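Engineer: Let me give you the structure first, and then I'll get to my questions.
The values are calculated or read from the model by the stated rules, or taken from the named source; none is laboratory data. Just so you know, these numbers come straight off a predicted model, no measurement behind them. In this analysis, Cβ positions are derived from the backbone assuming ideal geometry, glycine residues included, and neighbour counts consider all displayed protein chains.
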Ligand SMILES: [Zn+2]
């Protein structure tokens, strides 16, 4: 597959510039920049409200190009990348934690909705989207960030507060019930457990 040689236009890193791109013009585009998380209102609803997010930024990057198939047919493609670290609420211990989020997605922009609907779902390399004279790349970046969030946000096991409590519970000796002093095989008092209890007391 050959790539059509077109000099890509530079996109300005602003919400308005990314919200309305004419991908049907035949032009190709490239761009990169940084957005404060507040720019993404839907993403804001997903993050922990207890944290200050003044310093939370989203790095983004995009590139579009035209592939020419051996048949001469042209396919418009788009690649987007985004990266951030956002505060989420751990669903296990309900404490805030920082989650790395990364987007790395490729799309083929098709000209009819039927083509988009017929695009094979099992294609892992890229998804199909409807091409447009007014393509909203900003919304697509936010969609992809939302899709990259964990289904159940939680700390890594070793960092979770609840996990610590569990480990302490598991390692504590279970000598509260008197039955644990009885040997299940003989039904008699287990001298070793009695000794252990004395020591602990
Ligand atoms: Zn946790």
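Engineer: Of the residues 102, 122, only one is away from the ligand (no atom under 16 Å from the Cβ) and more than 30 Å from residue 22 (Cβ to Cβ); which?
Structural biologist: After applying the criteria, what remains is 122.
Engineer: Any idea which residue in segment 76-98 is nearest to residue 162 (Cα to Cα), counting only those that are free of Cβ contacts under 8 Å to residues at least 40 places away in the same chain and within 16 Å of the ligand (Cβ to nearest atom)?
Structural biologist: 94
Engineer: Residue 111 - would you say it is more than 16 Å from the ligand (Cβ to nearest atom), within 11 Å of the chain's Cα centre (by Cα), in the same structural domain as residue 17 (by TED's automatic domain parsing) and exposed (fewer than 15 other Cβ atoms within 10 Å of the Cβ)?
Structural biologist: no
Engineer: Quick check: anything in segment 36-49 assigned to a strand (DSSP E or B) and surrounded by fewer than 17 Cβ atoms within 10 Å (Cβ to Cβ)?
Structural biologist: Start the filter on segment 36-49 by keeping residues that are assigned to a strand (DSSP E or B), which leaves 36.
Pick out the ones that are also surrounded by fewer than 17 Cβ atoms within 10 Å (Cβ to Cβ) and you get 36.
Scanning segment 36-49 turns up at least one residue that is assigned to a strand (DSSP E or B) and surrounded by fewer than 17 Cβ atoms within 10 Å (Cβ to Cβ).
Engineer: Considering each residue of segment 91-118, count those that are assigned to a loop (DSSP other than H, G, I, E, B) and under 21 Å from residue 148 (Cβ atoms), and give that number.
Structural biologist: Summing the residues that are assigned to a loop (DSSP other than H, G, I, E, B) and under 21 Å from residue 148 (Cβ atoms) in segment 91-118 gives 2.
Engineer: Is there a residue being more than 16 Å from the ligand (Cβ to nearest atom), under 24 Å from residue 9 (Cβ atoms) and in contact with a helix residue (DSSP H, G or I) (Cβ under 9 Å, 6 or more places away or on another chain) anywhere in segment 51-59?
Structural biologist: Among the residues of segment 51-59, at least one is more than 16 Å from the ligand (Cβ to nearest atom), under 24 Å from residue 9 (Cβ atoms) and in contact with a helix residue (DSSP H, G or I) (Cβ under 9 Å, 6 or more places away or on another chain), which makes the answer yes.
Engineer: If you don't mind, another one. How many of the residues making up segment 23-34 are part of a loop (DSSP other than H, G, I, E, B) and exposed (fewer than 13 other Cβ atoms within 10 Å of the Cβ)?
Structural biologist: To start, the set of residues in segment 23-34 that are part of a loop (DSSP other than H, G, I, E, B) comprises 26-28.
Imposing the further condition that a residue be exposed (fewer than 13 other Cβ atoms within 10 Å of the Cβ) reduces the set to 26.
Adding up the residues that qualify gives 1.
Engineer: Within 30 Å of residue 25 (Cα to Cα) and modelled with pLDDT of 95 or more: does that describe residue 149?
Structural biologist: Considered against the rule, which asks whether it is within 30 Å of residue 25 (Cα to Cα) and modelled with pLDDT of 95 or more, residue 149 comes out as no.
Engineer: Within segment 61-73, which residues are assigned to a strand (DSSP E or B) and over 16 Å from residue 29 (Cβ atoms)?
Structural biologist: Step one: of segment 61-73, the residues assigned to a strand (DSSP E or B) are 61-68.
The answer is 68, and nothing else.
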